[in-house]
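> Structure in structure tokens, see below.
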Amino acid sequence: MAILIDAAIWPAHDRLWCHMVSDTSLEELHAFAAALGVPERGFEGDHYDIPESHRDAAISAGAREVSSRELVNALYLAGLRRRPHSPDSTWEPHLVARLDERKCEPLPTVSHT
């Protein structure tokens, strides 16, 4: 049971972003994100998009740094992501909002205490 976070290498909206997931459940992920003050609009179906400026706070709160490949593999192993063409897939791309299709407001300031 862990929260995983990859490197902030994904550009959008003049920032770099990373992904934060749970290797266990969406409930665990939502609880962790809420404790950090991450807005629900950052949720992307099975992960949260986190700006680089908030990555250290997530790590300080217990998120474990992993590669993007490890992060995606953890989602598959936990059953939180299915391969798009698998027979049991419930993945529906039209239901997953894209970060660049919505307005992004700054996240709240995170205290590093």
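The values are calculated or read from the model by the stated rules, or taken from the named source; none is laboratory data. Quick caveat, the model's predicted, so the values are computed rather than measured. Note: ideal-geometry Cβ built from the backbone for every residue, glycine included; neighbour counts use all protein chains shown.
> Output the residues belonging to the stretch 64-81 that are part of a helix (DSSP H, G or I) and in contact with a His (Cβ under 9 Å, 6 or more places away or on another chain).
If the condition is that a residue be part of a helix (DSSP H, G or I) and in contact with a His (Cβ under 9 Å, 6 or more places away or on another chain), then SER68, LEU71, VAL72, LEU75 are the ones that fit.
> Residues that are exposed (fewer than 15 other Cβ atoms within 10 Å of the Cβ) and under 11 Å from the mean Cα position of the chain (by Cα): which strands (runs of 3 or more DSSP E) entirely in the stretch 1-53 hold 1 or more of them?
Per the criteria, no element qualifies.
> Cβ contacts < 6 Å: first residue closer than 17 Å to ALA2 by Cα, restricted to the stretch 44-62; second residue part of a loop (DSSP other than H, G, I, E, B), any location; separation 6+ or different chain. Result?
Listed by first residue and then by second, the contacts come to ASP46/LEU80; ASP46/ARG81; TYR48/VAL38; ARG55/ALA8; ALA57/VAL110.
> Out of the residues in the stretch 54-94 meeting the condition of being at pLDDT below 90 and basic (Lys, Arg), tell me which one is surrounded by the fewest Cβ atoms within 10 Å (Cβ to Cβ).
ARG83
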